[in-house]
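First the structure, in the form of structure tokens, and then the observations on it.
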Amino acid sequence: MSLSKPMIQQPKVVATAGGTVYHFEKYTVMYYLKGALAGGLCCGVTHAALCPVDVVKTRMQLSPEIYNTGMIGGFGKVIANEGVGALATGFAATFVGYFIQGGFKFGGVELFKVNFTKALGDQKAWDNKTSIYLASAAMAEFIADCFLCPLEACRIRLVSEPTFANSLPATAARLMKEDGIVKGFYSGFVPMLFKQVPYTMAKFAVQGAASDALAKAGNIDPVNGSASAKMGLALSSGVIAGVVAAVISHPADSLLSKVNKAGAGGSGGMLSRLANITKETGFVTLCTQGLGARCVMIGTLTAGQFAIFDSVMDVLGASKFHFHAPGGHH
């Protein structure tokens with residue numbers, strides 16, 4: 001294609017024999033399994049890669065009186081006090097937990113998006129695509145969090161108490177023995193939902209809107225465009241979505257970190273402990289403590305997730321579902 005052409009001709013969406021612009025027959029069980037695998041890889045790899053950042057962020061949230069010199073200073077203190085190996089604390093729990101969560105989240109979003117669109121019809125789906133993103137993300141994330149919460153509890157306990165156990169299985173076994181399933185693994189389930197569900201809703205809705213806007217501004221075809229153009233689209237829209245989602249979900253992220261620390265919030269029920277932690281910490285502090293580090297982490301992480309997801313789907317021979325304007329263009 002000549003670089004001198006100012007516009008990229010985008011193919012017109014043509015209705016199928018069934019009167020729809022979508023080829024729903026290609027969205028089979030195998031498609032959703034590929035989406036789940038791609039989602040598991042993109043979440044597991046990115047969260048594991050950022051494990052050192054998460055270790056420092058969690059320490060800043062749990063012990064602000066010690067880790068009070070910012071992200072760079074936090075890295076220095078962790079290394080000076082415990083050695084560089086401490087930055088990998090919780091690595092296994094992070095990868096396994098977010099691989100499982102990512103599979104249910106990304107695979108679930110694809111499942112719900114396709115079926116909502118099929119149920120509503122082309123025009124209503126196009127008119128309500130933001131609502132479809134939000135509902136699909138909320139439903140998929142709720143399911144994913146049921147599996148993530150126990151592993152996140154193990155990760156946070158290991159970060160806050162490095163001597164608690166020497167492996168992920170040992171951590172899980174000790175938590176179950178000392179606290180039982182509910183208190184040991186699901187004390188943070190409510191704050192996790194408050195953190196993850198709004199985060200994921202914002203992440204997918206904002207990324208979808210940003211991707212559409214950037215594609216339109218840059219005359220990029222998100223389905224049949226070049227690999228480099230689609231990669232740039234995924235990365236740029238992912239950064240925007242990640243920062244917005246990080247700000248929205250940060251107070252609950254702080255609560256989640258604190259509630260999994262031994263003794264935090266007293267010995268009452270989950271809601272009582274959360275209320276005590278909020279009162280002790282202060283709402284403004286919950287909203288701002290470690291926010292800069294989280295924006296950097298989540299912005300990078302989200303961009304990487306969408307780029308990896310799209311790349312893996314391409315390798316697996318699956319094209320991610322995109323909304324189309326009936327009778328319009330991609």
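Structure values in brief
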item	result
Square roots of 5 times each gyration tensor eigenvalue, C-alpha, segment 164-254, largest first, Å	39, 16, 9
Rg(Cα) / (2.2 N^0.38 Å) computed for segment 92-250, rounded to two decimals	1.23
Span from the segment 34-61 Cα centroid across to the segment 108-148 one, whole angstrom	23 Å
Highest-fluctuation residue, Asp127, Asp253, Asp310 considered, GNM on the chain with Cα pairs under 10 Å	Asp127
Label-point separation in nm, Lys216 to Ala80, each point 7 Å along Cα→Cβ	5.2 nm
Among 302-309, 115-122, 128-135, the order from most to least packed when residues are scored by Cβ within 10 Å on average	302-309, 128-135, 115-122
Proxy reagent accessibility, fewest Cβ within 10 Å first, across Met30, Met201, Met231	Met30, Met231, Met201
Residue-count net charge about Phe204 - beta-carbon cut-off 10 Å; Lys, Arg +1, Asp, Glu -1	+2
Pairs of Cα atoms farther than 19 Å apart, segment 177-330, %	61 percent
Volume per residue that the Cα convex hull of the chain spans, once the total is divided by residue count, Å³	149 Å³
Note, ³J(HN,Hα) from phi for segment 145-153, Karplus 6.51, -1.76, 1.60, rounded to Hz, x at Gly and Pro	5, 4, 8, 6, 3, x, 6, 5, 4
Karplus-derived 3J(HN,Hα), 6.51/-1.76/1.60, for each residue of segment 174-187, Hz, glycine and proline x	5, 4, 5, 5, 7, 10, x, 5, 5, 5, x, 10, 10, 4
From phi via Karplus (6.51, -1.76, 1.60), per-residue ³J(HN,Hα) for segment 117-124 in Hz, x at Gly/Pro	5, 4, 6, 7, x, 4, 5, 5
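All of the numbers you see were taken from the coordinates with simple rules; none came from a lab. Quantities reported herein were computed from a predicted structural model and do not represent experimental measurements. In this analysis, Cβ positions are derived from the backbone assuming ideal geometry, glycine residues included, and neighbour counts consider all displayed protein chains.
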